[in-house]
Amino acid sequence: MEWSKLLCGDRIRPIARREGSQDLRSEFEKDYHRIIGSASFRRLQDKTQVFPLDQSDFVRTRLTHSLEVSSFCKSLGQNIARKIVTDIRDESFDPSYQQDICDILQCAGLLHDIGNPPFGHFGETAIREWFKENLPRLEYVSDDGNTGKLVDILNPQMQNDFYHFEGNTQALRVVSKLHYLVDEHGMNLTKALLATIIKYPVSSLEVDKNSPDICCHKMGYYYADRELFRNIEDSCGLNGRRHPLTYILEAADDIAYRTADIEDSYKKGRISFDVLTRELENRCFEDLSDSGYRLLIDTLKYRYGKGIEHGVSDPGEYAVSNWIVAIQGKLIYLATESFVKHYDEIMSGSFGQELLEGTEGKHIVDALGDIAVKYTFNSEPILKIEVSADRILSYLLDKLVPAAVYYDTDIKLRPIDSRMISLISENYKKIYHIYSRDTSEKEKLYLRLLLVTDYVCGMTDSYAKRLYQELNGLVI
């Protein structure tokens, strides 16, 4: 892979450059302002990070999480780009690329969760499970009047797109199609940025969760977006591999959410200073060969002592907050060094693991993740919310999918189905009509099912909850 192609500033719809323009921004800086000004980005403020529908001003949402990931992306980009110039000395890497890398990564951090449905990652699970359970049961009357199973009409990739549904995959649809800014090309962002947010460059038919190569652990693009994916891949010279900047985006995301989950859990009273210290000490005892845990514990206790010394009202909170900042700095350093160490593998497309894998940072993020799962994700309030989220999303899909199946066909919709279709955004329906034009009956059916997931994924937590209540007569 070559940086001159990887940093492709072209867009799917070319934009004419006007002579005498006073706009001195690079194409990637323009991307940043398109994202910040979008409604799709603003909706992240009402989407779950850890604690669904939480009223606290402190607890993170998808919006604040995305801002943090964007910040870490920029820091990692600055460090790594400088290392490429000063340490690796890749002659094909022009010094001017340093700023471009930072700008692309900063934008990618803002976008990485923009396709997530309401209620966090559990929302993704609920949508996948609904389709696995219900899609094989649905019947369909074709144009010739024959009745059969709906799945017999869809090709294998179309079916698997719903069985492997992912917010990561949905992000590409949001920014390239669904965000109707000017036309059917969405935000019309640069191809380098689009390539960076595609974490898994495989179709739903190529997903292999047991593969040693993380690049095929999840689906990266829908059947509906296959031509777009090939366009991006060809323009950036990826040859079926991940964009190098995607590894940096993934590391920034891991650093942000692993550390934030601990801080949010402390603020919500799910863990205490003593519990956090004890959990780290247990890991230190279990793995005597790893001095990293000992250092983590010593640093945490040192921060606690400083809190007492400064006379703060809650030395535990002071310790955890400052300790988290120190850990973030260490993880940024470790991810930077790992990228440099594996530079040749990354650029050749043969690197198939996370940047923190095989480093001390892997022990740190695993420990923080295990603690968050034990004391927060498996806590009663979160489990109750997840059960409620499943009920809400299942109900909406129960009503929307049957309505969409015969939308835009010669079969007259039932009154209830026509009302459900009327709830879907006119922009989303416009996108459906544009991309379904002159396609087969099979592809139109598939795109109508995608219309439903597009609508559901665009919902905020509050909107999904309110719509469920209104449709069940609970709010009038």
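The values are calculated or read from the model by the stated rules, or taken from the named source; none is laboratory data. None of the values given here were measured: they were computed from a predicted structure. Glycine gets a Cβ as well: all are built from the backbone with ideal geometry, and neighbour counts include every protein chain shown.
Restricting attention to region 387-394, does a residue exist that is closer than 30 Å to Lys330 by Cβ and of a type in the set (A, V, I, L, M)? Steps first, answer last, please.
Step one: filter region 387-394 for residues closer than 30 Å to Lys330 by Cβ, giving none.
No, there is no match, as no residue in region 387-394 is closer than 30 Å to Lys330 by Cβ and of a type in the set (A, V, I, L, M).
Does at least one position in region 350-362 carry a residue that is touching a helix residue (DSSP H, G or I) at 6+ places or on another chain (Cβ under 6 Å), assigned to a helix (DSSP H, G or I) and either among the acidic types (Asp, Glu) or under 22 Å from Glu281 (Cα atoms) (or both)?
The answer is yes; a qualifying residue exists.
Here are some conditions: (1) more than 23 Å from Ala224 (Cβ to Cβ); (2) in a helix (DSSP H, G or I); (3) not aromatic (Phe, Trp, Tyr). Ile431 meets all but one. Which one does it not meet?
If we test Ile431 against (1) more than 23 Å from Ala224 (Cβ to Cβ); (2) in a helix (DSSP H, G or I); (3) not aromatic (Phe, Trp, Tyr), just (1) comes out false.
Restricting region 61-89 to residues that are among the hydroxyl-bearing types (Ser, Thr, Tyr), in a helix (DSSP H, G or I) and modelled with pLDDT under 95, which is surrounded by the most Cβ atoms within 10 Å (Cβ to Cβ)?
Here is the first cut: in region 61-89, the residues among the hydroxyl-bearing types (Ser, Thr, Tyr) are 61, 64, 66, 70-71, 75, 86.
If we keep only those that are in a helix (DSSP H, G or I) as well, we get 64, 66, 70-71, 75, 86.
Okay, now just the ones that are also modelled with pLDDT under 95, so 64, 66, 86.
Numbers: Thr64: 16, Ser66: 26, Thr86: 8.
Looking at residues that are among the hydroxyl-bearing types (Ser, Thr, Tyr), in a helix (DSSP H, G or I) and modelled with pLDDT under 95, I get Ser66.
May I ask you to list pairs of residues, at least six apart or on different chains, whose Cβ atoms are under 9 Å apart, with the first in region 83-102 being more than 17 Å from Lys341 (Cβ to Cβ) and the second being of a type outside the set (A, V, I, L, M) and part of a loop (DSSP other than H, G, I, E, B)?
Between residues of region 83-102 that are more than 17 Å from Lys341 (Cβ to Cβ) and residues that are of a type outside the set (A, V, I, L, M) and part of a loop (DSSP other than H, G, I, E, B), the close pairs are Ser92/Glu2; Gln99/Ser26; Asp100/Gly9; Asp100/Ser26.
Considering each residue of region 303-327, count those that are loosely packed, with under 15 Cβ neighbours inside 10 Å and within 13 Å of Thr277 (Cβ to Cβ), and give that number.
Selection size over region 303-327: 1.
Tell me, please, whether a residue that is under 14 Å from the mean Cα position of the chain (by Cα), in a helix (DSSP H, G or I) and in contact (Cβ under 8 Å) with a residue 60 or more places away in the chain can be found in region 234-241. Write out each step before concluding.
Of the residues in region 234-241, the ones under 14 Å from the mean Cα position of the chain (by Cα) are none.
No, region 234-241 has no match at all.
Among the listed residues Tyr395, Tyr446, which satisfies the condition of being on the phi < 0 side of the Ramachandran plot, at pLDDT 95 or above and either surrounded by 19 or more Cβ atoms within 10 Å (Cβ to Cβ) or of a type in the set (Val, Ile, Thr) (or both)?
Of Tyr395, Tyr446, the one residue that is on the phi < 0 side of the Ramachandran plot, at pLDDT 95 or above and either surrounded by 19 or more Cβ atoms within 10 Å (Cβ to Cβ) or of a type in the set (Val, Ile, Thr) (or both) is Tyr446.
From (1) surrounded by 18 or more Cβ atoms within 10 Å (Cβ to Cβ); (2) over 27 Å from Leu445 (Cβ atoms), pick out the condition that doesn't hold for Tyr407.
Tyr407 satisfies all of (1) surrounded by 18 or more Cβ atoms within 10 Å (Cβ to Cβ); (2) over 27 Å from Leu445 (Cβ atoms) except (2).
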